[in-house]
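The values are calculated or read from the model by the stated rules, or taken from the named source; none is laboratory data. Nothing here was measured: the structure is a model prediction, and the numbers come from that model. Glycine gets a Cβ as well: all are built from the backbone with ideal geometry, and neighbour counts include every protein chain shown. For accessibility, only protein heavy atoms count, side chains too; no ligands or nucleic acids. Shrake-Rupley method; radii C 1.70, N 1.55, O 1.52, S 1.80 Å.
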Amino acid sequence: MDLFLDPGAGKPLTMQLYEQLRTAITGGRLLPGDQLVPSRQLAGELGVSRHTVTTVYGRLVAEGYAEGHAGGGSVVASASPGPPQGAGPAAALHPSPRFEGWSPYFRPPPYGCRFDLRPGLPDPSGFPAAHWSRRVGAAVAAEQAWYGDPAGKIRLRRAIVGWVARSRSVTADENTVVVTCGAQHAIDLVARVLLEPGDCVAVEDPGYVPAVRLFEALGARVVSVPVDDQGLVVDLLPPTARIAYVTPSHQYPLGMTMSMPRRRALLRWAERHDAAVIEDDYDTEFRYVDRPLEPLQALDANGRVVYVGSFSKTFSPSVRLGFAVVPRPLAEPIAALRQLIDWHPPIAMQTALASFINDGLLDKHIRRSRRIYAERHHILTEALSGSLSDHLAARASNAGLHVAAILKGGLCEKDVLQAAARHGIATSGLHDCFRTAPAQQGLLIGFGAVSTTGLPAALRTLGRILASQALNQAR
Ligand SMILES: Cc1ncc(COP(=O)(O)O)c(C=O)c1O
């Protein structure tokens, strides 16, 4: 860590050193348990007396920022106090109006959460850690420490080409696949190369909020289009939209599949209006009842569809890998843009994933996960049509890692979510997914991240919460 002491600054050196170390601790640059540089060494590096350093260390220990160790040396305290009031630079900078009031849409589950029923989360206990760590280890050992291809490692792109062809009938070649840090990042790159500021993007309503916010962040004019049981109502698409963003295989959040006539109508619309379609196929691998319909990408004869896929559900969201299959004219500009932003995802992760796919381990992992999720999906749908049906009306959904259910009897979504959190259940609401369509109050109940044995208990607890909310309401 760099420390800068300025004898001409008009402030004692002990104070300068103390403030810089305290800021490093409270700001997280030094973490609990980190060793402070031995006083003799730091004094030598900074050209100050050892007494100056030991005085500062003593003060940090006295104030609880550091702990002295019996064997000598000091470490950052495990629970150090926050920055003192008024410390730190003045808050002179503010985000542009577009970002005013924004905060992350997803956070780790609250402390004390017993059952994580949030949508879209895979089972962390099913992660094939041993296989994966062997492959990551080998990839790191073989890595050439150099920049890689901004479109993604060729081995991984080839592996993805084979995988999407056999699992989803998507037609791609290594030059039309771009490896990204997840589906969200793929949507970002594609939108950036397609849009001019102020261009119109059509989204499903209700829809996937992070994608909507992303388009807004890019300066697009976002127009909401209703969905019905067949998916996006194509007839209501604005003729000026440059992009229609859709989730045809499992509409987010409601869960229906876009019908074949709608798919064809959407492609005709795109052709007529010289527009692009972003097909977000985020969780298509987990289908439990019927067979998937052909993706838009495979039906598209005119090169208007960008197909976006993710390894967040099939594998792990923490690995942050996804991809886009893009019409050929977009591939090079996307790679160029990618290079300007962050060049490429870590090469070792890409190499490891390529061998994971090529060795058949991803297919095996998906087959195994599908069996497990199918059982949980069954448990949840049974509960929704049985014990939970007094208070929730489930939307039919044969795929993915969550089911949407509308709250009945005027139950308040916010109250239910808060009561659930108090009982150790983290789940999500439906209300915020609506933009202009009349918002419905409901729950998005995830079943990926809770164990098969824990799920019935979680649903029983949820049932009790709903019943008591209904009782409160009746009073
Ligand atoms: C509809 C939809 N699209 C995209 C994503 C994001 O996936 P990734 O983690 O690959 O960015 C999700 C994640 O839940 C999703 O629900």
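Of all residues in the stretch 322-373, those satisfying the criterion of being acidic (Asp, Glu) and either closer than 24 Å to GLU279 by Cβ or buried (at least 18 other Cβ atoms within 10 Å of the Cβ) (or both) are GLU332, ASP363. With respect to GLY231, is the statement that it is within 13 Å of the ligand (Cβ to nearest atom), at positive phi and in contact (Cβ under 8 Å) with a residue 12 or more places away in the chain true? So GLY231 fails the test.
Scanning for something within 28 Å of ARG287 (Cα to Cα), open to solvent by 10 Å² or more (accessible area, probe 1.4 Å), at pLDDT 95 or above and under 23 Å from the mean Cα position of the chain (by Cα), does the stretch 261-268 turn up at least one residue? Even if it seems obvious, please write down each step before you answer.
We begin by selecting, within the stretch 261-268, every residue within 28 Å of ARG287 (Cα to Cα); these are 261-268.
If we keep only those that are open to solvent by 10 Å² or more (accessible area, probe 1.4 Å) too, we end up with 261-262, 264-265, 267-268.
Cutting the leftovers down to at pLDDT 95 or above gives us 261-262, 264-265, 267-268.
Still in the running and under 23 Å from the mean Cα position of the chain (by Cα): none.
Within the stretch 261-268 (the criterion being within 28 Å of ARG287 (Cα to Cα), open to solvent by 10 Å² or more (accessible area, probe 1.4 Å), at pLDDT 95 or above and under 23 Å from the mean Cα position of the chain (by Cα)), the answer is no, since none of the residues qualifies.
Here the helices (runs of 4 or more DSSP H) wholly within the stretch 101-217 that include at least 2 residues being in contact (Cβ under 8 Å) with a residue 24 or more places away in the chain and under 30 Å from ALA270 (Cα atoms) are 154-168, 183-194, 209-217.
The residue that is nearest to LEU5 (Cα to Cα), counting only those in the stretch 31-44 that are open to solvent by 60 Å² or more (accessible area, probe 1.4 Å) and touching a residue at least 40 places away in the same chain (Cβ under 8 Å), is GLN35.
Exactly one residue out of ASP300, ASP274, ASP290, ASP283 is without any contact (Cβ under 8 Å) to a residue 24 or more places away in the chain and either of a type in the set (Asp, Glu) or touching a strand residue (DSSP E or B) at 6+ places or on another chain (Cβ under 7 Å) (or both), and it is ASP274.
Report the residue count in the stretch 394-416 for those that are open to solvent by 40 Å² or more (accessible area, probe 1.4 Å) and closer than 16 Å to GLY255 by Cα. So that I can check it myself, show each step before the final result.
Step one: of the stretch 394-416, the residues open to solvent by 40 Å² or more (accessible area, probe 1.4 Å) are 394-396, 398, 408-410, 412, 414-415.
Restricting the remaining residues to those that are closer than 16 Å to GLY255 by Cα gives 394-396, 398.
Summing the residues that are open to solvent by 40 Å² or more (accessible area, probe 1.4 Å) and closer than 16 Å to GLY255 by Cα in the stretch 394-416 gives 4.
Tell me, which residue of the stretch 100-130 that is in contact with a helix residue (DSSP H, G or I) (Cβ under 7 Å, 6 or more places away or on another chain) and farther than 20 Å from ARG370 by Cβ is least open to solvent (accessible area, probe 1.4 Å)? So, considering only residues that are in contact with a helix residue (DSSP H, G or I) (Cβ under 7 Å, 6 or more places away or on another chain) and farther than 20 Å from ARG370 by Cβ, the one least open to solvent (accessible area, probe 1.4 Å) is PHE115.
Residues in the stretch 171-183 that are buried (at least 19 other Cβ atoms within 10 Å of the Cβ) and either farther than 14 Å from ASP342 by Cβ or aromatic (Phe, Trp, Tyr) (or both): ALA172, THR176, VAL177, ALA183.
Does VAL209 satisfy being within 12 Å of the ligand (Cβ to nearest atom), of a type outside the set (S, T, N, Q), surrounded by fewer than 23 Cβ atoms within 10 Å (Cβ to Cβ) and over 29 Å from ILE347 (Cα atoms)? Even if it seems obvious, please write down each step before you answer.
Working: within 12 Å of the ligand (Cβ to nearest atom): yes; of a type outside the set (S, T, N, Q): yes; surrounded by fewer than 23 Cβ atoms within 10 Å (Cβ to Cβ): yes; over 29 Å from ILE347 (Cα atoms): yes.
The answer is yes for VAL209.
Determine, yes or no, whether GLY73 is more than 30 Å from GLU216 (Cβ to Cβ), more than 39 Å from the chain's Cα centre (by Cα) and at pLDDT below 85. In short, yes.
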